[in-house]
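**Student:** Could you have a look at this structure, given as structure tokens, before my questions?
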Amino acid sequence: MNTANFQRPVARLASGLLLALGGLALTVASAHAASPANPGFDVEAATRLWLDTLQGPARARSDAYFEGGYWLPLWGTLIALAIDLVILRLRISAAIRDLAVHLVRRRSLAVALTALLYALLGTALTLPWTIYTGYFREKQYGLMNMSFGGWLGEQAIEFAISLVLMTLLIVIVYAVIRRFPKTWWVLGTGVIALFMVFVMALSPVYVAPLFNTYTELPQGPVRERIVAMAKAHQIPAEHIYLFDASKQSKRISANVSGVGPTIRISLNDNLLNRSTPDEIAAVMGHEMGHYVLGHTWRNVIFITALAALMLFATSRIAPALLARFGKSWGVKELADPASLPVLSICLSVLSLLATPALNTLIRVDESEADAFGLDVAREPDGFASIAMKLSEYRKIEPGPIEEALFFDHPSGETRVRMAMQWKKDHVPDAKMFHPAPLPQTFGKE
């Protein structure tokens, strides 16, 4: 969900880069350590056969969509900053606080009402940008299946959920700021970590069904294979859910989501209907890798560390801004709920700076899950094929710096090459596969 700035983790760039270098070093080391079982199998030639299935307008469309997305976080942040600065300069946040204090006496309720009104105003002002990025741009590239009315309805549900959750979080954070004005960022980090785990646990059961219908995957070879792979790695497989993502978009997706008793395996109907059994096995093996390799908890720890850095920086920057401009903004102190736009400015900028580090964390996770999925499903050509299908909305052959900065998943080229290297190392008498070209309507409505 795209909610508020509190949900955007910031980065300790050094940690992100160290993690990236460590993960990449392990990947390279393991690749070189493997003894080639088929010296006659040409990995680069096999990779090129797959990459060349995407050509002409379809490749140009994929590249244009993904490259255009490089600028969206920057423009989105600049728009948010401009709105927050206007709200402060015109003393709108101070007026909202005064109204809230006038309507409710209790301090926590005044903070809640201030947060609610601020969120409503911010959402209304950013709505044109949200509509462009979330609907019209997706429609332009043939990735959106919903009508505008249907999309807007889902946005309203998402906003309502976000409003409740973020208002609660803001009330708690401001209570901590009032009680511990010097060290609030320490306890604030703990609050955010607990909140993150809480949302992760509840989302699969209570949030996801608000947007899609989840049913048991029908009995048959596909389900049997998924269950067999899950049981082989002690993943709960009593329920395998199928959800109707095709009503929203053409994107292929699956996941192992939840925490503790809410853990569940889900795949969307696009994956089921647009993919072969081998491709489905490759995707599900990848998703199971996230669970078995403990990525959920590793990410919680890492993101908590980033949140600590973000809140620490904010605890220094925000008071300095208030000391310089607070009087003209009508904001008394950081504990004043009228300071919400100030916190938002700090968190927005820090989040943008954190993007490469956060992308690196996710990309390392995805690469590890790719390797796990290849070992579990043993479908290198199915894996390569699904990587090519994902190029509907991911640039297939970026440069190395481009991939490091902007990709939160390995590129299609990286994934196909990994699959072909696995095929060479693990498939006796591996043969070159000549896949059919993807249609030029690929990615279009």
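**Student:** Relative to 2.2 N^0.38 Å, what does the C-alpha radius of gyration of the chain come to as a ratio? Two decimals please. The partial results should precede the final answer.
**Tutor:** Details: Rg = 23.7 Å, N = 445, 2.2 N^0.38 = 22.3 Å.
That works out to 1.06 for the chain.
**Student:** Do you know the relative contact order of the chain, to the nearest whole percent, from alpha carbon pairs under 8 angstrom that are 6+ apart?
**Tutor:** On the way: 581 pairs, mean separation 146.1, N = 445.
So the answer I get is 33 percent.
**Student:** Now for a separate question. Could you work out the percent of alpha carbon pairs in segment 220-297 separated by over 22 Å, rounded to a whole number? Spell out each step's value before the answer.
**Tutor:** On the way: 564 of 3003 pairs.
Within segment 220-297, distances greater than 22 Å cover 19 percent of Cα pairs.
**Student:** I've got another one for you. With θ set to phi - 60° and the Karplus curve 6.51 cos²θ - 1.76 cosθ + 1.60, what are the ³J(HN,Hα) couplings of segment 330-336 in order, to the nearest whole Hz, using x for Gly and Pro?
**Tutor:** Karplus-based 3J(HN,Hα) across segment 330-336 equals x, 10, 7, 7, 5, 6, 6 Hz.
**Student:** Taking θ as phi - 60°, what are the ³J(HN,Hα) couplings along segment 135-151 by the Karplus curve (6.51, -1.76, 1.60), each to the nearest whole Hz, with x for Gly and Pro?
**Tutor:** Each residue of segment 135-151 in turn: 10, 5, 5, 5, 5, 4, 9, x, 9, 9, 9, 8, 6, 4, x, x, 4 Hz.
**Student:** Run down the aspartates and glutamates and flag those whose C-alpha is under 16 Å from the C-alpha of LYS332, throwing out any fewer than 8 positions away in its chain.
**Tutor:** Within the straight-line cut-off, LYS332 pairs with ASP98.
**Student:** Hey, another quick one. Provide the per-residue ³J(HN,Hα) series for segment 171-186, in order, calculated from phi with Karplus coefficients 6.51, -1.76, 1.60 and θ = phi - 60°, each as a whole number of Hz, with x at glycine and proline positions.
**Tutor:** Going residue by residue, I get 4, 5, 4, 5, 5, 5, 4, 5, 7, 10, x, 8, 10, 4, 5, 5 Hz, with x marking Gly and Pro.
**Student:** Rolling a 1.4 angstrom probe over the protein heavy atoms, how many square angstrom per residue are accessible across segment 350-439? Provide the component values of the computation, followed by the final result.
**Tutor:** On the way: 3450 Å² over 90 residues.
Accessible area per residue, segment 350-439: 38 Å².
**Student:** For MET144, which sequence-distant residues (separation of 5 or more, or a different chain) have an amide H within less than 5 Å of its own amide H, given hydrogens modelled in the peptide plane?
**Tutor:** Amide H neighbours of MET144: LYS139.
**Student:** Within the P(r) computed for segment 363-410, what percentage of the Cα pairs occupies the region above 12 Å? Each step should come with its number before you reach the end.
**Tutor:** Values: 755 of 1128 pairs.
Result for the distance tail: 67 percent.
**Student:** So in the chain, what percent of DSSP beta bridges are antiparallel if you round to the nearest 5?
**Tutor:** Details: 8 of 12 bridges.
Taking every DSSP beta bridge with both residues in the chain, the antiparallel ones total about 65 percent.
**Student:** Determine which aspartates and glutamates satisfy two conditions relative to LYS431: a Cα distance under 12 Å, and not lying fewer than 8 residues away in the same chain.
**Tutor:** The qualifying aspartates and glutamates are ASP42, ASP381.
**Student:** Taking only protein heavy atoms into account and a 1.4 Å probe, give the accessible area per residue of segment 118-253 in Å².
**Tutor:** Numbers: 6850 Å² over 136 residues.
Per-residue accessible area for segment 118-253 comes out at 50 Å².
**Student:** When the accessible area of the chain is split by element with a 1.4 Å probe, what percent falls to carbon and sulfur? Show your work: numbers first, answer last.
**Tutor:** Numbers: 13880 of 20950 Å².
Answer for the chain is 66 percent, counting heavy atoms of protein chains only.
**Student:** So which lysines pass the test for LYS247, namely a Cα distance under 27 Å, with those fewer than 8 places away in the same chain ruled out?
**Tutor:** Within the straight-line cut-off, LYS247 pairs with LYS139, LYS389, LYS395, LYS444.
**Student:** Still on this structure, I have one more. Against the longest principal axis of the chain, how steep is helix 107-131, in degrees 0 to 90 to the nearest 10, with axes from Cα atoms?
**Tutor:** Around 50 degrees separate the two axes.
The values are calculated or read from the model by the stated rules, or taken from the named source; none is laboratory data. Worth saying up front: this structure is predicted, and the values here are computed from it rather than measured. Note: areas computed on protein heavy atoms with side chains; ligands, DNA, RNA excluded. Shrake-Rupley method; radii C 1.70, N 1.55, O 1.52, S 1.80 Å.
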